[in-house]
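Take a look at the structure below.
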Amino acid sequence: MSLHELVEPYGFLIGTWQGQGRGHYPTIESFEYTETITFSAVAGKPFLRYEQKTTNPDGVPMHTEVGYFRPRESGHIEFVLAQPTGQSELLEGTATVNDDGSLTIVLGYSEIQNSTTAKLVEQTARHYVFSSDRTSVHHEFDMAAVGEQMQNHLIADLHKIT
């Protein structure tokens, strides 16, 4: 498949990533989950399609989100997401190759829209560190929601499975 020139450096994302995670937040009990993320490309388009799903340890669905990973020039990244919980999320940040060859993507700027029936989420941030061989990723998700200040909510370690 012919990838758009802005997507080419992120072609390694295409496929399925899976692993274990854990979550915590002051308003809920701590929990563990399995996370599966799939990236796919549309030939020649400057984005990757993204889908995320989580299940609890018994395999029961927990959360899902869909969206688009939009690499821009000079390492700038935009991530546009929609969630069935009533939020849409626009994140922006940067991608940086580290001295050890790993790749860090920090999406620290966010704008959140909440539907009128959704729990209030005010701000989010996502931090990804891909291994130097691009076969594993450590992911952290921070959130300010339901009156709580910005803090870590989720941590997961995923490996590319396809």
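The values are calculated or read from the model by the stated rules, or taken from the named source; none is laboratory data. From a predicted model like this one, the values you see are computed outputs, not experimental measurements. Cβ: placed from backbone, ideal geometry, glycine included. Neighbour counts: every protein chain shown. Each accessible area value is taken on the protein alone, full model and side chains, heavy atoms only, with ligands, DNA and RNA left out. Shrake-Rupley method; radii C 1.70, N 1.55, O 1.52, S 1.80 Å.
Brief remarks follow.
- Couplings for segment 60-65, taken from phi via the Karplus curve 6.51 cos²θ - 1.76 cosθ + 1.60 with θ = phi - 60°, read 7, x, 10, 9, 8, 7 Hz in order; Gly and Pro are left as x.
- Residue (of 155, 23, 37) at the positive-pole extreme of the chain, dipole from beta-carbon charges: 37
- When only the Cβ of Lys, Arg, Asp and Glu is charged (+1, +1, -1, -1), the dipole of the chain relative to its Cα centre reaches about 400 debye.
- Per residue accessible area in Å² of segment 36-128, where ligands, DNA and RNA are left out and the probe is 1.4 Å: 53
- Surrounding net charge for residue 80, when Lys and Arg each add one and Asp and Glu each subtract one, Cβ distance under 15 Å: -1
- Along the axis of the charge dipole computed for the chain (Cβ charges of +1 for Lys and Arg, -1 for Asp and Glu, origin at the Cα centre), the listed residues 145, 57, 13 are led at the positive end by 13.
- Within the shell of other residues whose beta carbon sits under 15 angstrom from the beta carbon of residue 119, the net charge comes to -4, with Lys and Arg scored +1 and Asp and Glu -1.
- Among 100, 142, 133: highest mean-square fluctuation, GNM of the chain, C-alpha pairs under 10 Å: 100
- Under the Karplus curve 6.51 cos²θ - 1.76 cosθ + 1.60, θ = phi - 60°, whole-Hz ³J(HN,Hα) for segment 34-44, x wherever Gly or Pro sits: 9, 10, 10, 10, 10, 10, 9, 10, 10, 3, x
- Using the Cβ of residue 71 as centre and a radius below 10 Å, the other residues enclosed give a net charge of -2, where K and R count +1 and D and E count -1.
- In the chain the longest region clear of trypsin sites (Lys or Arg not before Pro) that are loop-assigned by DSSP and have at most 13 other C-beta atoms within 10 Å covers 1-71.
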